[in-house]
Structure formats: structure tokens, C-alpha cells
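Here the structure comes first, spelled out in C-alpha cells, and everything after it is commentary.
The values are calculated or read from the model by the stated rules, or taken from the named source; none is laboratory data. These numbers come from a predicted model, not from an experiment. So basically every Cβ, Gly included, is an ideal-geometry build from the backbone, and we count neighbours across all protein chains shown. These area figures cover heavy atoms from the full protein model, side chains too; ligands, DNA and RNA do not enter into them. Shrake-Rupley method; radii C 1.70, N 1.55, O 1.52, S 1.80 Å.
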Amino acid sequence: MQAATQAIGPQLIILDVSNERDIETAFATFVQRGVGALLVGAGAFTFSHRERIVALAAHHALPAGYGTREFADAGGLMSYAPSITDAYRQAGIYAGRILKGEKPADLPVMQSTKFEFVLNLKTAKALGLTVPLIMQMTADEVIE
């Protein structure tokens, strides 16, 4: 991400959070530095604190993208993430292959190939953002 942002110009600020106090400190830093948008990575900690993170992004009027759809469901602006449904389907296929006698060590490692873009128009409106129709049309799900 650093290389990509350097190529197009905006400054990238990366902050690691591992406890609730870090979340508050991160948002204070974002406000102090005039951050214009936020990208929250997927992880167990951020996932378990998604309501607080989404609430702080809304409170500080920060448009934010997230690494799991549950953030958009919780009121976040948008998410782009691997399809959990597709991952479960792949797990079922693997289980079937193992039950038919294949050795797990012989199965290839699979990566997600299907991703879902979820857009929360209610949040966009609250942030005063106009979402282009093309983005709405390309979203896998639009929350209104």
C-alpha cells in the first residue's frame, strides 16, 4: 500500500491497534493529522471491536473501507472482502474430497477468488457523500 500511495501522492498513515485504548488514540491521531479517509484491515481484534470502530469513524465523519462485510452491516461505509459463502463452499468441497479418500497434504492451497463489495448508502448519506451510480451498480450488495 505504501508503494501505491507514493505513486499517486497521498500520505499513508499506518497505525497498529491491539487494545481498546489504541483505538481511541488512533482516531485522535487521525483527527489531529487531518486524515481524509480510513482503511481498516481484517483481523480478529478489529472484527471484535467493529461497532466501536464504525461509531468512531461516523463520529469523526471519516469515510472508511473495511476488510469484512460485517463492518458495513454495522454501519460502516463500505467493505471489500473475500466471500465467506464461497469460502465455506470450498471447505465443503475439500471435506468431500478427504472423505472420498484424498490425503489432505495432497490438496492444493486455495485462495479466495470471489470477493464481495458491500456499500452502505445510509452511511454515505450521513457523511454527506454522493456515491456514483456506477459504484452502486457494481456493488454486490447495497444497504439503504
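Of everything listed in (1) under 19 Å from Ala139 (Cα atoms); (2) open to solvent by less than 60 Å² (accessible area, probe 1.4 Å); (3) among the hydrophobic types (A, V, I, L, M, F, W, C), the single unmet condition for Leu39 is (2). Out of the residues in region 58-68 meeting the condition of being free of Cβ contacts under 8 Å to residues at least 60 places away in the same chain and within 13 Å of the chain's Cα centre (by Cα), tell me which one is farthest from Leu15 (Cα to Cα). The selected residue is Thr68.
For Lys122, the test of being modelled with pLDDT of 95 or more, among the basic types (Lys, Arg) and under 16 Å from Tyr66 (Cβ atoms) is passed. If you go through region 88-127, how many residues are in a loop (DSSP other than H, G, I, E, B) and touching a residue at least 12 places away in the same chain (Cβ under 8 Å)? Residues that pass the stated criteria total 6.
Residue check: is Ala81 closer than 16 Å to Thr113 by Cα and either assigned to a loop (DSSP other than H, G, I, E, B) or in contact with a Lys or Arg (Cβ under 9 Å, 6 or more places away or on another chain) (or both)? In short, yes.
The residue of region 11-23 that is nearest to Ala44 (Cα to Cα), among those that are touching a residue at least 24 places away in the same chain (Cβ under 8 Å) and open to solvent by 70 Å² or more (accessible area, probe 1.4 Å), is Ser18.
When you go through Leu12, Leu56, Leu77 one by one, which is the residue that is modelled with pLDDT under 95 and in contact with a helix residue (DSSP H, G or I) (Cβ under 7 Å, 6 or more places away or on another chain)?
Only one candidate passes the filter, namely Leu12.
Taking the criterion of being hydrophobic (A, V, I, L, M, F, W, C) and assigned to a loop (DSSP other than H, G, I, E, B), the residues of region 128-144 that qualify are Leu129, Val131, Ala139. For region 68-77, filtering for residues that are outside any helix (DSSP H, G or I) and either touching a Phe, Trp or Tyr at 6+ places or on another chain (Cβ under 7 Å) or open to solvent by less than 30 Å² (accessible area, probe 1.4 Å) (or both) leaves 4. Among the conditions (1) β-branched (Val, Ile, Thr); (2) surrounded by 12 or more Cβ atoms within 10 Å (Cβ to Cβ); (3) over 18 Å from Asn120 (Cα atoms), Val54 misses just one, which is (3).
Of the residues that sit in region 91-122 and are touching a helix residue (DSSP H, G or I) at 6+ places or on another chain (Cβ under 7 Å) and of a type outside the set (A, V, I, L, M, F, W, C), which one is least open to solvent (accessible area, probe 1.4 Å)? It comes out as Asn120.
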